[in-house]
Each structure stands twice: as structure tokens, then as C-alpha cells.
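**Student:** Take this structure, written in C-alpha cells, and hold onto it; I'll ask about it next.
Bear in mind these aren't lab numbers, they're just calculated from the coordinates by the rules spelled out. For clarity, every value in this text was computed on a predicted model and none was experimentally measured. Here the Cβ is made from the backbone with ideal geometry for all residues, glycine too, and neighbour counts use every protein chain on show.
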Amino acid sequence: MTGPQIKELRKSLGYTQARLAEEVGLTPNTIARYERDELKPSPPVLKLLRLLELSQELNKAGRKAA
């Protein structure tokens with residue numbers, strides 16, 4: 001997942017950098033560095049981000065089906 005993809009996911013969730021950082025157990029500065037591609041997320045962080053992404057997709061699909 002690239003920095004711009006992380007930023008896009010964060011914004012689609014309606015999260016600030018601080019909120020996303022809290023959700024995945026990091027600092028807002030770390031999230032900002034990920035988004036600028038200055039730092040690459042570790043495999044466990046990538047897994048958490050992908051789970052958030054999947055959760056969002058499932059929520060959207062559920063709303064469309066209702």
C-alpha cells in the first residue's frame with residue numbers, strides 16, 4: 001500500500017491522521033510519514049490497514065443491499 005493509498009483510505013473512512021493513528025496504535029506523525037512515502041508500514045500495520053479497508057468495503061456493500 002502506497003502513501004497516497006493510505007491517505008485515500010484514511011479520508012474515505014472520514015478519519016484524521018490522529019484518529020487513524022489511534023486506531024492502529026501509532027503516532028499521527030508516523031501516519032503523516034506513511035502518507036508522504038517517507039516511511040513504509042510494517043507488515044502488521046499493513047494488515048491492519050487492509051482490514052480497515054475491507055471493513056469499509058463490507059459496510060458500503062451492506063448499505064447498498066439494504
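**Student:** Check segment 28-48 and report whether any residue there is loosely packed, with under 11 Cβ neighbours inside 10 Å and of a type in the set (Asp, Glu).
**Tutor:** Yes, some residue in segment 28-48 is loosely packed, with under 11 Cβ neighbours inside 10 Å and of a type in the set (Asp, Glu).
**Student:** Right, next: In segment 7-19, how many residues are surrounded by 16 or more Cβ atoms within 10 Å (Cβ to Cβ), part of a helix (DSSP H, G or I) and free of Cβ contacts under 8 Å to residues at least 40 places away in the same chain?
**Tutor:** 3
**Student:** Moving on to the next point. Go through (1) surrounded by 14 or more Cβ atoms within 10 Å (Cβ to Cβ); (2) in contact (Cβ under 8 Å) with a residue 12 or more places away in the chain; (3) part of a helix (DSSP H, G or I) for residue 4 and report which single condition fails.
**Tutor:** With (1) surrounded by 14 or more Cβ atoms within 10 Å (Cβ to Cβ); (2) in contact (Cβ under 8 Å) with a residue 12 or more places away in the chain; (3) part of a helix (DSSP H, G or I) applied to residue 4, the lone miss is (1).
**Student:** Next question. Hey, does segment 24-43 have a residue that's without any contact (Cβ under 8 Å) to a residue 24 or more places away in the chain, part of a loop (DSSP other than H, G, I, E, B) and at positive phi?
**Tutor:** Checked against the condition, which is being without any contact (Cβ under 8 Å) to a residue 24 or more places away in the chain, part of a loop (DSSP other than H, G, I, E, B) and at positive phi, segment 24-43 yields at least one hit.
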